[in-house]
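The values are calculated or read from the model by the stated rules, or taken from the named source; none is laboratory data. This one's a predicted model, so the numbers in the text were calculated from it and none came from an experiment. Note that we place each Cβ from the backbone using ideal geometry, even for glycine, and neighbour counts take in every protein chain shown.
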Amino acid sequence: MNRPLRVAAFAAAVTVGLAGGAVAGVGGVSADNVRAGGGTLTMYAGSVSGLFEPSNGFIYPTGSHGWLFRRLTTWVSERGKPPAVVPDLATNTGTTTDGGKTWTYRLKDRIAFQDGSPVTSRDIKYAVERSFDPQFVDSSDFHKRLLIGGDTYTGPSGGKSLASVETPDAKTIIFHLRRASSEWPWIAGLGSFAPVPEGKGDPRAYGRNPVATGPYQVRSNPAGGPVRLVRNRHWNAETDPVRTAGPDEIVFEEVRDRAAMTRRLIDDEGAAKFAFNGETLGPRELAVVNRDRDAASRLVTNPVPILWMLALNTRRGALTDVTVRRAIQYAVDRRAFRTALGGDQVAVPATNLNPPGIPGREEIDPYRAGSSGDVTQAKRLLVQAGRATGLRLTLWALDDSTIGRYQLSGRAQVDALQRGLQRAGITVTVRYVNVATMKASQSEDNPGYDIAVAWWRVDYPSGGGTLAPLFHSRSIGGNGYNLSRYESPETDAMIDQAAAEMNPRKAGERWTAVDRRIMWDAAGVPLAFEKRSYLHGSRVAFSTFLGFPGYRGISVRPGDPRG
């Protein structure tokens, strides 16, 4: 359930904020969070290890972590509307008086941990500080890169404090940033902002029995599961207009055999009537579900903000020439790649880099190469670049043991890319590497690949959740995700301006301009945006995911789980 390594074959707003001293975002949300239904809901998970460590922050606040943890902010997705950031523990989504370099939050009254003790600003400061522990080096780092001193801070061990997070009183917390960010209200909804009582946050053990602030708390969490959540009687529904708490109990059952799990949900017998899969179904499972009319009627499929792309190493050999990189934009066969992923039920075509589901996002197609590419134009550009006799490149892909678990075959995807490029005279030599090798390359100035197949899951609904970490020069090396080694002072300035823009409409326009600029510089080749599919039992009332996965409103209908 943690964030996958962001290389798949490298497998991970609009900005919210207002000018002056205004409050960013929207107020409350009109949501029906009546506690109804009762019963036991079961989620089938591939693994339950480390499931509830909030600083392993790659589970959306609207997902399973939302059952246990509240943050300063969160977000909601409603049909027909873009995601919106809303207050959670805080009274609003943050105030700033200096254009986004300092953000202040005031906590609501009557919010408590599961033992009834009040949540204070100090608990949130400690949570943010513990997220800097080296144990969480691979977790979400947006706040770490923004907070003053975050580049050298290593956590609260030994009594060390992060001075850029202030708590002048028990209700107030202030964040001082290195540069202006109108995206901070989104970032304050990530896992590292879930309060942790000081002294109870041992990074090695806290995820086994965390202290809850949401509608549920952990009752039992044995090794290998099942994990059982029960109602948190100190959760105050009146302060929480976002979450619902339908079931009396939620069970996380570890099921490693995906075919068997799918079969149980299709058969819809016993406890499976009250269950759903917590990880998306892959092409093999979907093929089985599609053959069963009743099961297909219980399938929920939605696009999600996950991008597959080719990262082109702009510092290496022939790819230092933008004309060669543009030739690859035309040569790639996106249709064949999507078929290898699993077809239209698993992915949709991508012609730009900023994924769907982002407020203000505009779909662009600068090259208009068609779904299968434009081989003639690719060859024409290679001739123009002095490569008329062809081109040889090295592509890195994760080996079969670590390729994304949702896909039909990692090698099938790479084969599709290889064949597509070969049509234009681009010969690709594939090197399959393990996670450690690929990860080590992130810190190298110029790693040994020309192309890496990248997989990126957006952390929060903004252009800054994708375009900045993948293409700003600050993300080159040092465990950053700029696999293209793309460095452009002009693009860096455009990204910083978009991230600082406090007007949502203008921010959307700026992010589209960034997307267009990176596409024209051909630092990355978009391939596909994923869809995710979830199958639920007949007694589960299941909401659609609406782009960003969420369990808001999920409940079980009355019935005997034995049949």
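To keep it simple, each residue is scored yes or no on (1) modelled with pLDDT of 95 or more; (2) in contact with a strand residue (DSSP E or B) (Cβ under 6 Å, 6 or more places away or on another chain); (3) not basic (Lys, Arg).
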site	(1), (2), (3)
SER372	yes, no, yes
ALA378	yes, no, yes
ASP399	no, yes, yes
ARG405	no, no, no
GLY410	no, no, yes
ILE426	yes, yes, yes
VAL430	yes, yes, yes
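Every residue in segment 228-242 that is surrounded by fewer than 22 Cβ atoms within 10 Å (Cβ to Cβ), among the charged types (D, E, K, R) and in a loop (DSSP other than H, G, I, E, B), please. Hit for segment 228-242 is ARG233, nothing else. Scanning segment 50-105 for residues that are over 19 Å from the mean Cα position of the chain (by Cα), crowded, with 24+ Cβ neighbours inside 10 Å and part of a loop (DSSP other than H, G, I, E, B) yields ASP88, LEU89, THR93, GLY94, THR96, GLY100. Number of residues in segment 458-517 that are out of contact with any Phe, Trp or Tyr (no Cβ under 7 Å at 6 or more places or on another chain), part of a loop (DSSP other than H, G, I, E, B), under 22 Å from THR351 (Cα atoms) and at pLDDT below 95 equals 2. Taking into account only those residues within segment 114-168 that are acidic (Asp, Glu) and within 26 Å of the chain's Cα centre (by Cα), which is modelled with the lowest pLDDT? It comes out as ASP138.
So that you can scan it fast, the table gives a plain yes or no per residue for (1) among the acidic types (Asp, Glu); (2) buried (at least 21 other Cβ atoms within 10 Å of the Cβ); (3) within 23 Å of LEU393 (Cα to Cα):
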residue	(1), (2), (3)
ALA436	no, no, yes
ASP445	yes, no, yes
ILE451	no, yes, yes
ARG457	no, no, no
ALA468	no, yes, no
ILE476	no, yes, yes
THR491	no, no, no
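Beta carbons closer than 7 Å, at least 6 apart along the sequence or on distinct chains, pair a first residue in segment 448-459 that is of a type in the set (Lys, Arg) with a second that is modelled with pLDDT of 90 or more for ARG457/ILE306. Kindly evaluate VAL23 against the criterion of being surrounded by 24 or more Cβ atoms within 10 Å (Cβ to Cβ), modelled with pLDDT under 70, β-branched (Val, Ile, Thr) and touching a strand residue (DSSP E or B) at 6+ places or on another chain (Cβ under 6 Å). Judged against the criteria, VAL23 is not a match. In segment 190-209, the residues that are closer than 17 Å to GLY94 by Cα and hydroxyl-bearing (Ser, Thr, Tyr) form Cβ pairs under 7 Å with partners that are modelled with pLDDT of 85 or more and not in a loop (DSSP other than H, G, I, E, B), at six or more places apart or across chains, as follows: SER192/ALA127; SER192/VAL128; SER192/HIS143.
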